[in-house]
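A.B. asks: First the structure, then my questions, so here it is.
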Amino acid sequence: MMPLDQLRSQIDTIDEQLLTLLKQRSEVIDQISDLKGELGLPLHCPERERQIINNICSRNQTLYHQLDLVCIFRAVFNASLNLQLLKNTKQAG
């Protein structure tokens, strides 16, 4: 087994990769928010969230329990909705 400091360094690298992916996701969310506004669609789409959760759970090959993954993705969904709401508030004001 690797020393603790090397394992923690790997975690730090993975965390940076996660941040990069979250940045990319937020940029796509920004575009989706614009498109939903143009099309008159609601910001929140529970059916889409269910599709994503079902897909993630069916493909889970991690050591994480399925319920934990659901919590992680629900947090991402909530943060994404908050981004959309904040953008709409700024545009309205």
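The values are calculated or read from the model by the stated rules, or taken from the named source; none is laboratory data. Keep in mind that this is a model prediction, so the values were computed, not measured. When we count neighbours, we look across all protein chains shown, and the Cβ atoms used for this are built from the backbone with ideal geometry, even at glycine. The accessibility values were calculated without ligands, DNA or RNA, using every heavy atom of the protein model including side chains. Shrake-Rupley method; radii C 1.70, N 1.55, O 1.52, S 1.80 Å.
A.B. asks: Taking the stretch 36-67 only, how many residues are hydrophobic (A, V, I, L, M, F, W, C), within 15 Å of residue 81 (Cβ to Cβ) and out of contact with any Lys or Arg (no Cβ under 7 Å at 6 or more places or on another chain)?
C.D. replies: Going through the stretch 36-67 one residue at a time, the tally reaches 4.
A.B. asks: Just to be sure I understand the filter: pairs with C-beta atoms under 7 Å, separated by 6 or more residues or on different chains, first member in the stretch 39-55 and more than 16 Å from residue 70 (Cα to Cα), second member open to solvent by 90 Å² or more (accessible area, probe 1.4 Å) and not in a loop (DSSP other than H, G, I, E, B). Which pairs pass?
C.D. replies: From residues that are more than 16 Å from residue 70 (Cα to Cα), there are no pairs.
A.B. asks: Going by the structure shown, is residue 88 at negative phi, open to solvent by less than 60 Å² (accessible area, probe 1.4 Å), in a helix (DSSP H, G or I) and polar (S, T, N, Q)?
C.D. replies: Taking the combined requirement at face value, the residue satisfies it.
A.B. asks: Let me ask something else about it. How many of the residues in the stretch 35-49 are assigned to a helix (DSSP H, G or I) and surrounded by 14 or more Cβ atoms within 10 Å (Cβ to Cβ)?
C.D. replies: 3
A.B. asks: List the number of the failed condition for residue 68; all other conditions in (1) free of Cβ contacts under 8 Å to residues at least 12 places away in the same chain; (2) in contact with a His (Cβ under 7 Å, 6 or more places away or on another chain) hold.
C.D. replies: (2)
A.B. asks: So residue 63 clears everything in (1) surrounded by fewer than 13 Cβ atoms within 10 Å (Cβ to Cβ); (2) of a type in the set (A, V, I, L, M, F, W, C); (3) closer than 20 Å to residue 23 by Cα except one condition, right? Which one?
C.D. replies: (3)
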